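Single-structure report; data block below.
The values are calculated or read from the model by the stated rules, or taken from the named source; none is laboratory data. The structure presented is a predicted model; accordingly, all values stated were derived computationally and were not measured. No Cβ is skipped: glycine too gets one built from the backbone with ideal geometry, and neighbour counts run over all protein chains shown. Side chains included, ligands, DNA and RNA excluded: accessible areas come from the protein's heavy atoms. Shrake-Rupley method; radii C 1.70, N 1.55, O 1.52, S 1.80 Å.
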Amino acid sequence: VQKMKNEQVETLIIHGVNPGYGLPSSLGFAEAIKKVKMVIYTGDRVDETGSFADYVIPDNHFLENWGDAELAKGVYTIN
């Protein structure tokens, strides 16, 4: 966040987290992210962090991920 405040971050890619919601407001994330030239956010919705992004790239929803695997040759599982 400090590097964003100092305008040392040109491109920020955020994946799998929502710092706009999870970080304490005392860190100043909302103000700092506005100083980043390009913000790319991957997620399944436009949330608190996605609202600051220049580009929101869709990510799979957890129901779209099968999590299939082959534990041993010929033994398949879906978790």
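Excluding residue 57 itself, what net charge comes from residues whose Cβ is under 13 Å from its Cβ, given Lys and Arg +1 and Asp and Glu -1? Mind showing how you got there, number by number?
Details: positive: 45; negative: 44, 54, 59.
So the environment of residue 57 carries a net charge of -2.
For residue 60 and residue 8 in the same chain, what is the full-extension length gain: residue separation times 0.36 nm, less their Cα-Cα distance, in nm? Walk me through the numbers on the way to the answer.
On the way: separation 52, 0.36 × 52 = 18.72 nm, distance 3.07 nm.
Stretched fully, the residue 60-residue 8 segment lengthens by 15.6 nm.
For the chain, which span is the longest to avoid every loop-located (per DSSP) member of GluC sites (Glu not before Pro) having at most 15 other Cβ atoms inside 10 Å? Please list the in-between numbers first.
Numbers: sites that count: 7, 10, 48.
Longest run free of exposed loop sites: 11-47.
Looking at region 1-68, which trypsin sites (Lys or Arg not before Pro) are in a loop (DSSP not H, G, I, E or B) and have at most 11 other Cβ atoms within 10 Å?
Passing sites in region 1-68 are 34, 37, 45.
What whole-number value in Å² describes the accessible area per residue of the chain for a 1.4 Å probe?
On a per-residue basis, the chain sits at 77 Å².
Looking at 63, 25, 52, which one has the Cα that reaches farthest to the positive end of the dipole of the chain (charges on Cβ: Lys, Arg +1; Asp, Glu -1)?
After comparing all options, I get 25.
Testing the spin-label approximation: label points 7 Å from Cα along Cα→Cβ at residue 51 and residue 30. State their distance in nm.
Placing both labels 7 Å along Cα→Cβ, they lie 0.7 nm apart.
If you look for lysine pairs in the chain that are eight or more places apart or on different chains, how many of them have Cα atoms under 24 Å apart? Before the final figure, lay out the partial values.
Working: 3/34; 3/35; 3/37; 5/34; 5/35; 5/37.
Pairs that pass both the separation and distance tests number 6.
Between residue 38 and residue 77, how many nm apart are label points set 7 Å from Cα along the C-beta direction?
4.1
Can you compute the helix-only [θ] at 222 nm over the chain? Use -39500 (n - 2.57) per DSSP H run of at least 4 residues, normalise by all residues, nearest 500 deg cm²/dmol.
Dividing the helical sum by the residues of the chain leaves -2500 deg cm²/dmol.
What percentages make up the Cα-Cα pair-distance distribution of the chain when the bins are 10 Å wide from 0?
Going out from 0 Å in 10 Å bins, the chain shows 18, 39, 20, 14, 9, 1 percent.
What's the magnitude of the charge dipole for the chain around its Cα centre, counting Lys and Arg as +1 and Asp and Glu as -1 at the beta-carbon? Answer in Debye, nearest 20.
Roughly 340 debye, rounded to the nearest 20.
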